[in-house]
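The values are calculated or read from the model by the stated rules, or taken from the named source; none is laboratory data. Note that the coordinates shown come from a computational prediction; the quantities given were computed from them, not determined experimentally. In this analysis, Cβ positions are derived from the backbone assuming ideal geometry, glycine residues included, and neighbour counts consider all displayed protein chains. Quick note on the areas: whole protein, heavy atoms, side chains included, nothing else; ligands and nucleic acids left out. Shrake-Rupley method; radii C 1.70, N 1.55, O 1.52, S 1.80 Å.
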Amino acid sequence: AGGVQLADVSVDIETGVVKMNRLVAVQDCGLVINPKTAESQVLGACIMNICGALMEERIMDETLGRVLNADMEFYKLAGIKDIAEILVHMDVHPDNDKRGVIGLGEPCAIAAIGAISNAVANAIGVRVPEIPLTPDKVLNALYGSNMERSRA
């Protein structure tokens, strides 16, 4: 199994808000038995990755290794406006079919976080060193060193 995902984002450099414009996923999973279900699996993985890249944050106690945001009240999830357009292309052709059924769970659930992070870095010219790419982290990556110098 293999695939690639590409992200198109906009970043407001005054607020640090990252907006998804489009996410494209191309996936090879061998023989596709049910195209609609396979496409749905990739769409779900893309949505999961958008949430992971932009808003889902697990806060840990560094000493005990315990999760501090233990319920959904303090765990932001995406709404429909946060997701944007997702285009899925299943790489279906006879060479892939010959390999038989390979799988589709994890391969498509990994790449988009990196694709979104790379798109943000490309848009603002600096890498945000951790996810989720929340406005405070984006602004700190953009202006953190300048903000520190202006305080001194």
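Solvent-accessible surface of region 1-93, taken per residue with a 1.4 Å probe and all protein chains present: 62 Å². Between His89 and Lys19, the FRET efficiency from the beta-carbon distance, with R0 = 30 Å, is close to 0.85.
Loop-located trypsin sites (Lys or Arg not before Pro) in region 62-109 (DSSP state other than H, G, I, E, B) with a sparse environment of at most 10 neighbouring Cβ atoms within 10 Å: Arg66. Within the set [x] 53, 29, 29; [y] 65, 36, 26; [z] 49, 33, 24, the number that Cα extents along the principal axes in Å takes when calculated for this structure is listed as [y]. If R0 is taken as 22 Å, the Cβ-Cβ distance between Asp12 and Val126 corresponds to a FRET efficiency of 0.90.
Rounding to the nearest 10 and keeping the result within 0 to 90°, find how far the Cα-based axis of helix 35-54 lies from the longest principal axis of the chain. So the inclination is approximately 10 degrees. Ranking Ala78, Ile113, Leu64 by how far each Cα lies toward the positive end of the dipole of region 32-152 (charges on Cβ) leaves Ile113 at the top. Going 7 Å from the Cα of Lys98 in the Cα-to-Cβ direction, what parts of region 1-29 have a backbone nitrogen less than 18 Å from that spot? 1-2, 28-29, by backbone N distance to the label point.
Shape verdict for region 5-93, please, from the Cα gyration tensor: rounded (a/c under 1.5), prolate (a/b greater than b/c) or oblate. Oblate, because a/c is 1.5 or more while a/b does not exceed b/c. Helix 111-124 axis versus longest C-alpha principal axis of the chain: approximately 40°, rounded to the nearest ten. Sites count as exposed loop sites when they are GluC sites (Glu not before Pro), lie in a DSSP loop, and have at most 12 other Cβ atoms within 10 angstrom; the longest stretch of the chain without one is 63-129.
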